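Enquirer: Quick one: the structure is below, and I'll ask about it shortly.
Values quoted throughout were computed directly from the atomic coordinates according to the rules given, and no laboratory measurement underlies them. From a predicted model like this one, the values you see are computed outputs, not experimental measurements. Note that each Cβ is placed from the backbone with ideal geometry, even for glycine, and that neighbours are counted across all protein chains shown.
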Amino acid sequence: MIRFDDVGKTYAPLRGPRVRAVDGMTLDVDAGEVFGIAGPNGAGKTTMIAMMLGFLPPSAGRITVDGLAPRAFVERHGMGYLSELIAINPRWRARESLVRLATLAGLAAGVLGARVDELLALFGLEEHAHKRTKQLSKGTLQRLGLAQSLLRDERVLILDEPTHGLDPIWTQRFRELVPRLRRADRVIVVASHNLDELERLADRVAIVDRGRLQRIVRTRGTASGPTPTRYRIAAQNADSLMAAIFPGAVSAGTGEFDVPVADLAVLNAGLRALLAGGALLVSVSPAYSSLEEQFRQAVGEGA
């Protein structure tokens with residue numbers, strides 16, 4: 001549904017060198033998909049989103065949304081969008097802001113009020129409905145931003161750092177909401193620095209760095225995917241054994257070690273050797289999630 005075809009974007013400031021923010025980007029985002037975008041600061045994520053929304057034209061290549069240029073798609077169908085930094089008039093009250101934004105979005109008068117009240121309830125904003133937005137906490141303002149992104153039943157929903165500022169309860173509620181928003185004719189794009197979030201929510205995640213697509217990681221059905229290369233092992237009576245059995249093991253605190261392994265066979269052989277040597281295993285888990293591991297490989301250990 002969303003296609004990048006060898007897309008590039010170059011900024012030409014009045015002073016200083018030209019900046020290549022996106023370079024040779026080719027990818028497809030399918031209808032029915034929750035698609036994640038991850039990358040370090042300055043990787044090009046914001047520029048990608050701006051071009052998907054039609055705010056910026058590409059300098060090279062072509063972007064289409066359901067076969068249309070992004071601006072043409074927005075003008076004909078609209079898009080739901082949550083920006084990383086939420087800017088709502090600080091004098092507007094919470095409910096009033098949703099009413100104003102729904103009016104600007106073209107919601108019919110007959111359904112506007114009911115839709116606003118439905119979203120206030122969905123995001124727990126009823127008690128804040130008559131507060132001015134400048135009085136809202138960061139988390140409450142974030143929930144208001146999420147509410148405005150859902151005012152219309154859009155086929156394209158783009159969420160930039162959607163859980164930024166949310167407390168653990170509302171982060172979990174957002175995670176539960178996304179599957180309910182999934183629809184066969186809808187694309188949901190989530191950009192986030194939170195790799196755990198993307199691994200929970202997305203079907204695939206594009207990892208970008210220095211304006212280029214480094215890889216796309218499939219996060220659904222990844223049982224046959226790459227094996228993590230570092231594990232955290234907690235064990236008793238293992239201090240004298242660990243370095244000999246797992247060369248390169250690093251202590252991570254009392255009784256815990258980060259160990260590099262080539263594959264699961266090496267891991268299991270090492271665990272058997274620990275047990276045979278008298279160690280008592282407490283726990284074994286990947287030091288990084290599969291997506292974290294792929295991210296580190298794609299953009300470097302220092303990212």
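Enquirer: For every helix of n ≥ 4 consecutive DSSP H residues, a contribution of -39,500 (n - 2.57) applies; sum these over the chain, divide by its total residues, and give [θ] at 222 nm rounded to the nearest 500 deg cm²/dmol.
Expert: -10000 deg cm²/dmol
Enquirer: When a/c reaches 1.5 or more, the comparison of a/b and b/c decides; with that in mind, is region 1-48 rounded, prolate or oblate per its Cα gyration tensor?
Expert: Taking the square roots of the gyration eigenvalues as a ≥ b ≥ c, region 1-48 is prolate.
Enquirer: Under a 5 Å amide H to amide H cut-off, with H placed in plane at 1.01 Å, what residues pair with A252 once short-range neighbours are removed?
Expert: F257, D258
Enquirer: Using θ = phi - 60° and the Karplus form 6.51 cos²θ - 1.76 cosθ + 1.60, what ³J(HN,Hα) does each residue of region 274-283 get, whole Hz, x for Gly and Pro?
Expert: 4, 5, 5, x, x, 6, 10, 6, 9, 7
Enquirer: Can you put R71, R18 in order, fewest other beta carbons within 10 Å first?
Expert: R18, R71
Enquirer: Most exposed first by the Cβ proxy, i.e. fewest other Cβ within 10 Å, how do T103, T254 rank? Don't skip to the answer; put the middle values down first.
Expert: Values: T103 12, T254 8.
With the fewest neighbours first, T103, T254 line up as T254, T103.
Enquirer: So if I place +1 on the C-beta of Lys and Arg and -1 on the C-beta of Asp and Glu, and nothing else carries charge, what would the dipole magnitude of the chain be about its Cα centre? I want it in debye, nearest 20. Each step should come with its number before you reach the end.
Expert: Values: 38 positive and 33 negative charges, 204 e Å.
So the dipole magnitude of the chain works out to roughly 980 debye.
Enquirer: Of the listed values (i) 70, 48, 45; (ii) 69, 42, 41; (iii) 74, 48, 42, grab the one calculated as Cα extents along the principal axes in Å from the structure here.
Expert: (iii)
Enquirer: Also, quick follow-up: Which lysines have a Cα less than 23 Å from the Cα of K45, not counting those fewer than 8 places away in the same chain?
Expert: K9, K138
Enquirer: Could you state the angle between the C-alpha long axis of helix 94-104 and the longest principal axis of the C-alpha atoms of the chain, as a value from 0 to 90 degrees rounded to the nearest 10?
Expert: With both axes taken from Cα atoms, the answer is about 70 degrees.
Enquirer: When a footprinting reagent is the concern and you count Cβ atoms within 10 Å, what order do D203, D160 take, fewest first?
Expert: Taking fewest neighbouring Cβ atoms as first place, the list is D203, D160.
Enquirer: Taking the Cα centre as origin and putting +1 on Lys and Arg beta-carbons and -1 on Asp and Glu beta-carbons, what dipole magnitude results for region 54-131, to the nearest 20 debye?
Expert: On the way: 9 positive and 8 negative charges, 57 e Å.
Charge dipole, region 54-131, about its Cα centre: 280 debye, nearest 20.
Enquirer: So, one more: Which aspartates and glutamates have a Cα lying under 14 Å from the Cα of K131, excluding residues fewer than 8 positions away in the same chain?
Expert: E96
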